[in-house]
1. Between residues in region 183-206 that are farther than 18 Å from VAL345 by Cα and among the acidic types (Asp, Glu) and residues that are open to solvent by less than 50 Å² (accessible area, probe 1.4 Å) and part of a strand (DSSP E or B), which pairs lie under 6 Å by C-beta distance while being six or more apart or on different chains?
2. Within region 117-137, restricting attention to residues that are in contact with a helix residue (DSSP H, G or I) (Cβ under 6 Å, 6 or more places away or on another chain) and under 11 Å from VAL98 (Cβ atoms), which residue is surrounded by the fewest Cβ atoms within 10 Å (Cβ to Cβ)?
3. Please determine, by comparing only the residues of region 83-114 that are open to solvent by 30 Å² or more (accessible area, probe 1.4 Å) and part of a helix (DSSP H, G or I), which one is farthest from ASP158 (Cα to Cα).
4. Give the number of residues within region 138-152 that are in contact with a strand residue (DSSP E or B) (Cβ under 7 Å, 6 or more places away or on another chain), exposed (fewer than 15 other Cβ atoms within 10 Å of the Cβ) and part of a helix (DSSP H, G or I).
5. Could you look through region 153-182, keep only residues that are touching a residue at least 40 places away in the same chain (Cβ under 8 Å) and among the β-branched types (Val, Ile, Thr), and pick out the one that is surrounded by the fewest Cβ atoms within 10 Å (Cβ to Cβ)?
6. Among the residues that make up region 183-190, is at least one of them basic (Lys, Arg), in a helix (DSSP H, G or I) and either closer than 19 Å to ARG48 by Cβ or open to solvent by 20 Å² or more (accessible area, probe 1.4 Å) (or both)?
7. Can you pull out the residues in region 323-336 that are open to solvent by less than 40 Å² (accessible area, probe 1.4 Å) and touching a strand residue (DSSP E or B) at 6+ places or on another chain (Cβ under 7 Å)?
8. Quick one: would you say GLY258 is farther than 16 Å from LEU219 by Cβ, without any contact (Cβ under 8 Å) to a residue 60 or more places away in the chain, not hydrophobic (A, V, I, L, M, F, W, C) and not in a strand (DSSP E or B)?
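The values are calculated or read from the model by the stated rules, or taken from the named source; none is laboratory data. Owing to the predicted nature of the structure, the values given are computational and were not obtained by experimental measurement. Positions of Cβ are backbone-derived with ideal geometry, glycine not excepted, and every protein chain shown enters the neighbour counts. Calculation scope for accessible area: heavy atoms of the full protein, side chains included, ligands and nucleic acids excluded. Shrake-Rupley method; radii C 1.70, N 1.55, O 1.52, S 1.80 Å.
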Amino acid sequence: MCPEAFAPGLFVVPKKRPLDWTDRVNTEAHDERFMQEALTLARGVAGRTAPNPAVGAVIVSGGRIVGRGATRPAGKSHAEVIALAEAGVAAGGATLYVSLEPCSHHGRTPPCTEAIIAAGVARVVVAVVDPFPVVNGSGIAALRRAGLSVDVGTCADDAHRINAGFFSRVGTGRPLVTAKYAMTLDGRIATRTGHSRWITGPDARLEAHRLRDRVDAVLVGSGTVMADDPRLTTRLSPDLAGQGGPHHPLRVVVDGRGVTPLSAKVLDPTQPGNTLVATSEASSPDWRRAIARTGNDLFVAGLGPRVDLPVLLTELGRRGCNEVMVEGGGHLIGALFDAGLVDRVAAFVAPVIAGGAAAPGPVGGHGIATMPEALRLTNRRVRQLGDDVLIEGDLTRRHESGVA
């Protein structure tokens, strides 16, 4: 320290040093580390929070986590409130990391911003802004008005991906649609005789159940129901499922002509979860009444003989579904591709060859005329699952009319 600082009657207060490049890098790394903790919590409740988004929150004081929280089912506590309750008085002066902007309005629960301010949190790090119109920046503004420091954008891409379905439903009224299928190396989903069990091995089939565990609804066509008689439940052990154990998404059977047999496993009311049968005016009124008597829900979309897919997806969005997965068959998936209604693809590829001109492929419909029109995946991810490979990626959404 300079000698003048010790001169009689003179006290020098050192000026606060502005953050240099090293400080910023360290702060960013610190923020990313704790935001990833919040994102992990959000992933753990995927599929369990609709119509709300899946949100994770952690509270950090003195470099350690003192509170954790993840969104509970609709009508129950949000991630921030749960984390604050766990932190208690340690939340005072702490930093809150949250994967989505805190709400600032009265809905089924009080505003999270009020709880954050009342707890004395000093800083809030937000991954992405909430697109819901009654929030959409107002939560951040409320925190800043109260004197809290707020930073936005840490791990934004990861956060957006976790809640891409919520963003889709809020922005378009329709849930995000993932086309999921298993095929042979030569692009077949069954042999020429229709035999399909099993194309992939146990590791790939386990991952398919993990995907099912995270979505709000699963769609299949009536042809798949009649050929395979699937249950469409999530068969995972509690340690492999998300928070609260296996989640059974809404089962949706797309059947414009009304041919699904009443004995189908997917209609069994003793199964966990619920089933919705989507049909058209072309189906028999007697069949529709019989479906209703099974205790399952019925929705009529289109004059027939095909279901109006945009109308069906809009109805699923109205029911609060953020993300749906289409599991077959090729006709339904092809119709969704033709209509520009597919957002993501999850393709399991097995190192086996079926052959046969009559063997079906995973994507039917009209298809494209020239290769430059071919849809390409972005944000691709390739994973090895036993002997099989899972290829995942996003498609650019392009909405058109569509029926199946």
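1. These pairs meet every condition: ASP203/LEU385.
2. Step one: list which residues in region 117-137 are in contact with a helix residue (DSSP H, G or I) (Cβ under 6 Å, 6 or more places away or on another chain), which gives 119, 121, 124-125, 127-128, 131-132.
Then keep just the ones that are under 11 Å from VAL98 (Cβ atoms); that gives 121, 124-125, 127-128.
Numbers: VAL121: 25, VAL124: 27, VAL125: 25, ALA127: 28, VAL128: 22.
This residue is VAL128.
3. VAL89
4. Just the residues of region 138-152 that are in contact with a strand residue (DSSP E or B) (Cβ under 7 Å, 6 or more places away or on another chain), to begin with: 140, 143-144, 148-152.
Cutting the leftovers down to exposed (fewer than 15 other Cβ atoms within 10 Å of the Cβ) gives us 144, 149, 152.
Filter again for part of a helix (DSSP H, G or I), leaving 144.
Selection size over region 138-152: 1.
5. Among those residues, the one meeting the criterion is THR172.
6. From region 183-190, those basic (Lys, Arg) are 188; that's our starting set.
Right, trim to in a helix (DSSP H, G or I) and you get none.
Among the residues of region 183-190, not one is basic (Lys, Arg), in a helix (DSSP H, G or I) and either closer than 19 Å to ARG48 by Cβ or open to solvent by 20 Å² or more (accessible area, probe 1.4 Å) (or both), which makes the answer no.
7. If we filter region 323-336 for residues that are open to solvent by less than 40 Å² (accessible area, probe 1.4 Å), which is where we start, we get 323-330, 332-336.
GLU323, VAL324, MET325, VAL326, GLU327, GLY328, GLY329, LEU332, ILE333, ALA335, LEU336 - these are the residues of region 323-336 that are open to solvent by less than 40 Å² (accessible area, probe 1.4 Å) and touching a strand residue (DSSP E or B) at 6+ places or on another chain (Cβ under 7 Å).
8. Working: farther than 16 Å from LEU219 by Cβ: yes; without any contact (Cβ under 8 Å) to a residue 60 or more places away in the chain: yes; not hydrophobic (A, V, I, L, M, F, W, C): yes; not in a strand (DSSP E or B): yes.
The answer is yes for GLY258.
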